[in-house]
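K.L.:
Just dropping this structure here.
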Amino acid sequence: MGRLYLLPILGLLIGVILGLVLRVDIPSVYVPYLGIALLAALDSAFGGLRASLEGKFNDKLFISGFFGNTLMAAFIVYIGDRLGIPLYLAAVVAFGVRLFQNLALIRRLIFQSRGWG
Amino acid sequence: MRTNIFHLRRIQSKRMEITIAIICTIIGFLLVTQFRVQGVLSRKLMELSEQDLGQIIRELNVEIDALHREVTGMRIQSYKYRRETADKQAILDEAARNLEDLRIVAGFTRVQGNGIQILIADKEGILNEHDILEIIQELRAAGAEGISINDQRVVARSALEKREGYIRMNGKRIQSPYAIKAIGNPEILYQAVTLPGGIKDALDSLEGISFRITKESKVILPGLSPPKYRYIAPIKGE
């Protein structure tokens with residue numbers, strides 16, 4: 001079990017270091033898009049974690065979900081901006097709610113698997 | 001077979017791990033970038049707002065000061081102009097008053113006031129310019145401010161000439177009956193003319209002369225049009 005988390009954590013670390021080293025500057029206009037994309041990515045990641053804990057993990061579904069959700073989130077926010085509709089809020093609420101649900105489920109699954117519940 | 005499946009699972013598991021690791025890398029990258037950009041952005045915004053607001057306030061203050069100064073300057077200028085205008089107006093008024101006085105003195109305007117009227121009928125035509133001049137002198141001595149004879153104003157330039165059957169004054173002929181009007185204190189003028197042994201007595205004693213004098217509350221004297229000066233000119237600088 002421990003070994004399963006090693007590589008993802010390593011990846012996360014590499015990503016953080018890359019981000020720190022590369023110092024990619026994003027125009028302030030695109031910051032909301034990046035934010036919402038990040039939220040979608042986190043949602044996908046936690047979804048994936050939940051799926052793996054439930055033993056239902058599907059890497060194709062996971063990858064398509066990750067990229068699809070991220071890009072769709074950014075696109076929806078962009079469209080909302082252009083239309084003058086705060087779809088940004090809808091995306092935040094939708095992904096946020098699901099994120100917390102996933103987190104709760106993950107917690108429960110970990111408890112169950114450890115036999116704490 | 002078992003090992004094969006196991007091997008397959010291992011490969012699948014490995015691939016899954018790598019996939020998740022890559023996703024995690026991306027998430028980490030995005031996280032850090034967002035974190036940094038957001039931080040920089042908010043810091044920049046704060047700096048911007050602080051500095052910019054300070055700058056804007058300073059600039060606005062400078063502008064306000066400048067505008068205040070401008071307002072003050074304009075008020076001063078307006079006040080100056082107004083005072084200048086008032087001064088000019090005062091000067092003009094003064095000049096107009098002076099001119100009016102001078103015109104009255106010169107006899108260029110129609111004037112009115114208290115005074116007397118003398119009517120002299122000279123049937124025989126014995127009155128000469130000296131008699132008229134004497135009356136004028138007497139009236140002037142009594143403080144007459146304006147005199148006219150037969151609607152001819154007596155002014156400083158007026159001269160009396162005896163012609164055949166009439167007297168000439170201001171280039172016009174005047175003849176009997178003479179109507180002499182004078183503006184001044186009616187009492188004094190009256191007394192001056194009717195003094196015992198004075199003009200009235202002297203003229204009354206003559207043959208064919210009738211002399212009537214009345215005090216008037218409103219005497220109107222005509223104006224004399226100003227002459228054209230051809231030879232005289234003021235000396236400059238005096």
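The values are calculated or read from the model by the stated rules, or taken from the named source; none is laboratory data. This is a predicted model, so every value here is computed, not measured. Cβ placement follows ideal geometry from the backbone for every residue including glycine, while neighbour counts extend to all protein chains displayed. Heavy atoms of the whole protein, side chains included, go into the accessibility calculation; ligands, DNA and RNA do not. Shrake-Rupley method; radii C 1.70, N 1.55, O 1.52, S 1.80 Å.
K.L.:
In Å², and per residue, what accessible area does the protein assembly as shown have when probed at 1.4 Å with the other protein chains present?
P.N.:
Per-residue value: 68 Å².
K.L.:
For the interface of B with A, what's the total buried accessible surface in square angstrom, probe 1.4 angstrom, rounded to the nearest hundred?
P.N.:
2700 Å²
K.L.:
Using 1/(1 + (r/R0)^6) with R0 = 56 angstrom and r between the beta carbons of B:Ala96 and B:Thr214, what's the FRET efficiency to the nearest 0.05?
P.N.:
0.95
K.L.:
In chain B, once you exclude exposed chymotrypsin sites (Phe, Trp or Tyr not before Pro) (DSSP loop, at most 12 other Cβ within 10 angstrom), what's the longest stretch remaining?
P.N.:
B:1-228
K.L.:
Here's something else I'd like to know. Between B:Leu53 and A:Gln112, what FRET efficiency comes out of the Förster formula 1/(1 + (r/R0)^6) with R0 = 51 Å and r the beta carbon distance, rounded to 0.05?
P.N.:
0.40
K.L.:
Leaving out ligands, DNA and RNA, what percent of the accessible area of the stretch A:27-84 is carbon and sulfur, probe 1.4 Å?
P.N.:
Accessible surface attributable to carbon and sulfur in the stretch A:27-84 totals 67 percent.
K.L.:
Another question, if that's okay. Determine how large the accessible area of B:His68 is when every protein chain is in place; take a 1.4 Å probe and give Å² rounded to the nearest 10.
P.N.:
Using a 1.4 Å probe on the heavy atoms, I get roughly 110 Å².
K.L.:
Binned at 20 Å from 0, what are the whole-percent values of the Cα-Cα distance distribution for the protein assembly as shown, short to long?
P.N.:
All Cα pairs considered, the percentages come to 18, 22, 9, 7, 8, 13, 15, 7, 1, 0.
K.L.:
If you bin the C-alpha pair distances of chain B every 5 Å from 0, what whole percents do you get?
P.N.:
Using 5 Å bins, I get a P(r) of 1, 5, 8, 9, 8, 7, 5, 4, 3, 3, 3, 3, 2, 2, 2, 2, 2, 2, 2, 2, 2, 2, 2, 2, 2, 2, 2, 2, 2, 2, 1, 1, 1, 1, 0, 0, 0 for chain B.
K.L.:
Add -39500 (n - 2.57) for each DSSP H run of 4 or more in chain A, then divide by its residues: what number comes out at 222 nm, to the nearest 500 deg cm²/dmol?
P.N.:
-29500 deg cm²/dmol, from helical runs alone.
K.L.:
If you don't mind, there's one more thing I want to ask. So what does log10 I(q)/I(0) come out to for the stretch A:63-110 at q = 0.22, 0.28 Å⁻¹, using the Debye formula with one equal point on every Cα and no solvent?
P.N.:
So the normalised log intensities are -0.80, -0.97.
K.L.:
Mind grabbing the accessible area of B:Val105 for me, 1.4 Å probe, Å², rounded to tens?
P.N.:
My reading of the accessible area for B:Val105 is about 120 Å².
K.L.:
For the stretch B:71-81, in order, what is each residue's ³J(HN,Hα) by Karplus, 6.51 cos²θ - 1.76 cosθ + 1.60 with θ = phi - 60°, in whole Hz (x at glycine and Pro)?
P.N.:
Once rounded to whole Hz, the list reads 4, 4, x, 5, 4, 4, 4, 4, 4, 4, 4.
K.L.:
If you don't mind, another one. Under a point spin-label approximation (7 Å from Cα along Cα-to-Cβ), what is the A:Leu61-B:Glu187 distance to one decimal in nm?
P.N.:
13.5 nm
K.L.:
In the stretch B:87-207, how does Rg compare with the Kirkwood Rh, expressed as the Rg/Rh ratio over alpha carbon atoms?
P.N.:
For the stretch B:87-207, the value is 1.06.
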